[in-house]
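The values are calculated or read from the model by the stated rules, or taken from the named source; none is laboratory data. Being a predicted model, the structure only gives us computed values, none of them experimental. FYI the Cβ positions are ideal-geometry reconstructions off the backbone, even for glycines, and counts take in every protein chain you see. Please note that ligands, DNA and RNA were not included when accessible areas were found on the heavy atoms of the full protein model with its side chains. Shrake-Rupley method; radii C 1.70, N 1.55, O 1.52, S 1.80 Å.
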Amino acid sequence: MRETTTPGLRMKTRQAVTEALADTALELFDTTGFDQVTVADIVAAAGISQRSFFRYFSNKEDVVFGDRIPSAEEVRDELLRHLGRGTAWDAMRATFHEAAQQMDGDSGHWKRAARVICNTPGLRARYLEKHLAWAGILVPEIASRIDPGSRDATLKAQTMLNAALGCFDVAVARWAESDTDPLAALVDEVFAFVQIPGA
């Protein structure tokens, strides 16, 4: 009797191919420059057809971002796990520490992706758009826990979140060019530089 492949196994195979293709493309982007690399270059290096490439990615940008960068909802859920344990600033540090630990688990991929994003203005702009999406969901959660009812709560929450995103970006940029410290340790170090009274 012929053995059939289960949907779960097919999904795992697709994920493995997607990740391998992304790693091939990121290596090219990192060494040659995102704007200089074409889809034809990627498929030649990966040994597949352009048609196969477009089964996995809509365009080159999706290779860099894909579904690995957390959605605003995923970041909010992680933040909610930490809110109430210490200050709101502590909760944001813990949230980004968790993200950093996950990136440390696949550092080769994430370091290449970070370098490509930092060195490509168009990708940097798209990354900042994700920050704006995160802010739209996270700011109300933070504001509701600092000075509830105060008209300044939203302003404080926006300031804190932008400071946290800045800290995370500084840590990622340093880590991407470093062969030493894990990102989670750098995140903790950079967040410790910032003191927010009453946060």
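Looking only at the range 75-95, how many residues end up being assigned to a helix (DSSP H, G or I), more than 28 Å from LEU21 (Cβ to Cβ) and of a type outside the set (Asp, Glu)?
Looking only at that region, the number is 12.
Has the range 102-124 got at least one residue that is basic (Lys, Arg), in a helix (DSSP H, G or I) and without any contact (Cβ under 8 Å) to a residue 40 or more places away in the chain?
Within the range 102-124 (the criterion being basic (Lys, Arg), in a helix (DSSP H, G or I) and without any contact (Cβ under 8 Å) to a residue 40 or more places away in the chain), the answer is yes, since at least one residue qualifies.
State which residue is surrounded by the most Cβ atoms within 10 Å (Cβ to Cβ) when the search covers only the range 125-140 and only residues that are aliphatic (A, V, I, L, M), in contact (Cβ under 8 Å) with a residue 40 or more places away in the chain and over 30 Å from GLN36 (Cα atoms).
LEU138
I'd like the full set of residues that are touching a residue at least 12 places away in the same chain (Cβ under 8 Å), surrounded by fewer than 21 Cβ atoms within 10 Å (Cβ to Cβ) and within 15 Å of the chain's Cα centre (by Cα), limited to the range 141-173.
LEU165, VAL170, ALA173, listed by residue number.
For residues in the range 36-74 being of a type in the set (Ser, Thr, Tyr) and not in a loop (DSSP other than H, G, I, E, B), which is surrounded by the fewest Cβ atoms within 10 Å (Cβ to Cβ)?
SER52
Name, by its number, the condition in (1) at pLDDT below 90; (2) open to solvent by 70 Å² or more (accessible area, probe 1.4 Å); (3) of a type outside the set (Lys, Arg) that does not hold for THR18.
(2)
Please enumerate the residues belonging to the range 174-199 that are open to solvent by less than 20 Å² (accessible area, probe 1.4 Å) and touching a His at 6+ places or on another chain (Cβ under 7 Å).
Those that are open to solvent by less than 20 Å² (accessible area, probe 1.4 Å) and touching a His at 6+ places or on another chain (Cβ under 7 Å): ALA184, VAL187.
Anything in the range 98-117 that is closer than 13 Å to VAL187 by Cα, buried (at least 19 other Cβ atoms within 10 Å of the Cβ) and out of contact with any Leu (no Cβ under 6 Å at 6 or more places or on another chain)? List them, or say none.
ALA99, the sole residue that qualifies.
Specify which of the listed residues (ALA135, ALA143, ALA176, ALA163) is under 25 Å from VAL63 (Cβ atoms) and either small (Gly, Ala, Ser) or touching a helix residue (DSSP H, G or I) at 6+ places or on another chain (Cβ under 7 Å) (or both).
ALA176 is the lone residue from the list that is under 25 Å from VAL63 (Cβ atoms) and either small (Gly, Ala, Ser) or touching a helix residue (DSSP H, G or I) at 6+ places or on another chain (Cβ under 7 Å) (or both).
Determine, yes or no, whether VAL39 is among the aliphatic types (A, V, I, L, M) and more than 30 Å from ILE137 (Cα to Cα).
For VAL39, the condition - among the aliphatic types (A, V, I, L, M) and more than 30 Å from ILE137 (Cα to Cα) - is met.
Can you confirm whether ARG93 is over 16 Å from ARG68 (Cα atoms) and touching a residue at least 24 places away in the same chain (Cβ under 8 Å)?
yes
Looking only at the range 75-85, how many residues end up being open to solvent by 60 Å² or more (accessible area, probe 1.4 Å) and farther than 18 Å from HIS131 by Cβ?
4
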